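**Student:** Have a look at the structure that comes next, please.
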Amino acid sequence: MNDNSDSIISRRALLATLGAGALTSSNWAVAEEEAAEFKLNYMLASCMYGKLDVRKCIAQAGKIGATCIDLWPPSHGDQRTQIDTIGHKHYLQACIDANVKSQMTTRYDLGPFGLADEIAVVKQLGGKMIVCGSTGNREGSLRKQVAEFIEKMRPHVALAEEAGVVIAIENHSNALINSPESLKHFADLNESANLGIALAPYHLPQDSRVIAELIKHCRESIVHFYAWEHGLGCHRKMPKAYELMQLPGFGTLDFAPILAALRDIEYRGLTEIFMHPTPRGIPIMPSIAESNGVINKAREYLARCIDRI
């Protein structure tokens, strides 16, 4: 997320340390590298707190290192519907008061072809992205099906482009855009900057090398990243310690190669530390403080991974 002022500051610091005569081309490269140091930019997923009042959700962002919020609808959460009840003006004021940006909504309930009204809402809220799923998978050529899906998305993407919004397709289970192969086809065929991939490692083979290679193939098509592993899954009741294995650092997936790949493609999008509780609609931990605690523990693990790469 570097800008010219960051580069100037780095160069001035280097000049002060080394002296102008020592500023070789390699020194310039070091300064530029420092200015572009890789980091994750965090977003709060409202559903991590169940159906907590959206204003209380907003207040948690700074406590987990997030600068913006992703609003979820039922059944995972209900903060997206809450803002319609309390009024968008009051919601945005709560965001302003907490210095949190209303960045994204997640709308699997609408599907990829029903986003017109939501695009307008996200624009009005000052947001930049909507996440949804794709369509069902049929027999036949996977590449052809992906091409057909992208073609069907054209009018919806045109609306998004006009509004300055990106439609992000998550690689969700039992969907067309799901497997590494389908994601590669999507990246190869998609030509719009307003249509991209919300990459969820949970739904991919739990092999860091496979995921890292996929990231390097998809590159700029990746517009959102979920720090989320499969662990023991999320579709049956289990002890909380097992359920939490979906969180980075709580399970067995090594995120260091994945983060190295994101660094290599110069990923500057947002990251959500994520998991699903069972049943849906409840917070990931009994209390707000405990929910923040496990999210921050996962964030600390990701920071250690970045230190390793």
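**Student:** Could you please let me know if GLN246 is closer than 27 Å to ARG308 by Cβ and out of contact with any helix residue (DSSP H, G or I) (no Cβ under 9 Å at 6 or more places or on another chain)?
**Tutor:** In short, no.
**Student:** Kindly indicate the residue of segment 264-306 that is hydroxyl-bearing (Ser, Thr, Tyr) and part of a loop (DSSP other than H, G, I, E, B) and also nearest to MET43 (Cα to Cα) among those meeting that condition. It would help to see each step written out before you state the result.
**Tutor:** Here is the first cut: in segment 264-306, the residues hydroxyl-bearing (Ser, Thr, Tyr) are 267, 271, 278, 287, 291, 301.
Now restrict to residues that are part of a loop (DSSP other than H, G, I, E, B): 267, 278, 287.
Working: TYR267: 15, THR278: 22, SER287: 20 Å.
Once the filter is applied, the top-ranked residue is TYR267.
**Student:** While we're here: Could you pull out the residue among ARG154, ARG236 that is part of a loop (DSSP other than H, G, I, E, B) and either over 26 Å from ARG299 (Cα atoms) or modelled with pLDDT under 95 (or both)?
**Tutor:** Values: ARG154 fails: part of a loop (DSSP other than H, G, I, E, B).
None of the others qualify; the one that does is ARG236.
**Student:** Starting from segment 128-149, take each residue that is at pLDDT below 95 and list its partners that are surrounded by fewer than 20 Cβ atoms within 10 Å (Cβ to Cβ), counting only C-beta distances under 6 angstrom and pairs at least six apart or across chains.
**Tutor:** none
Let's see how each residue does on (1) surrounded by fewer than 23 Cβ atoms within 10 Å (Cβ to Cβ); (2) assigned by TED's automatic domain parsing to the domain that holds PRO257; (3) at pLDDT 95 or above; (4) at positive phi:
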| residue | (1), (2), (3), (4) |
| --- | --- |
| VAL166 | no, yes, yes, no |
| SER179 | yes, yes, yes, no |
| LEU183 | no, yes, yes, no |
| ALA187 | yes, yes, yes, no |
| PRO205 | yes, yes, yes, no |
| ARG219 | yes, yes, yes, yes |
| HIS224 | no, yes, yes, no |
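**Student:** Assuming GLY87 fulfils every condition listed in (1) surrounded by fewer than 13 Cβ atoms within 10 Å (Cβ to Cβ); (2) touching a residue at least 40 places away in the same chain (Cβ under 8 Å) apart from one, which condition is it?
**Tutor:** (2)
**Student:** Given the residues ARG12, ARG55, ARG80, which is the only one that is at pLDDT below 50 and of a type outside the set (S, T, N, Q)?
**Tutor:** Numbers: ARG55 fails: at pLDDT below 50; ARG80 fails: at pLDDT below 50.
Result: ARG12 is the single residue among ARG12, ARG55, ARG80 that is at pLDDT below 50 and of a type outside the set (S, T, N, Q).
**Student:** Being surrounded by fewer than 21 Cβ atoms within 10 Å (Cβ to Cβ), touching a residue at least 60 places away in the same chain (Cβ under 8 Å) and in contact with a Leu (Cβ under 9 Å, 6 or more places away or on another chain) narrows it down to one of ILE295, ILE273, ILE306, ILE284, so name that one. So that I can check it myself, show each step before the final result.
**Tutor:** Working: ILE295 fails: surrounded by fewer than 21 Cβ atoms within 10 Å (Cβ to Cβ); ILE273 fails: surrounded by fewer than 21 Cβ atoms within 10 Å (Cβ to Cβ); ILE284 fails: surrounded by fewer than 21 Cβ atoms within 10 Å (Cβ to Cβ).
ILE306 is the lone residue from the list that is surrounded by fewer than 21 Cβ atoms within 10 Å (Cβ to Cβ), touching a residue at least 60 places away in the same chain (Cβ under 8 Å) and in contact with a Leu (Cβ under 9 Å, 6 or more places away or on another chain).
**Student:** May I ask you to verify whether GLY136 is within 18 Å of ILE197 (Cα to Cα), in the same structural domain as HIS224 (by TED's automatic domain parsing) and crowded, with 16+ Cβ neighbours inside 10 Å?
**Tutor:** Details: within 18 Å of ILE197 (Cα to Cα): yes; in the same structural domain as HIS224 (by TED's automatic domain parsing): yes; crowded, with 16+ Cβ neighbours inside 10 Å: no.
Taking the combined requirement at face value, the residue does not satisfy it.
The values are calculated or read from the model by the stated rules, or taken from the named source; none is laboratory data. A quick note: this is a predicted structure, and the numbers were derived from the prediction, not measured. No Cβ is skipped: glycine too gets one built from the backbone with ideal geometry, and neighbour counts run over all protein chains shown.
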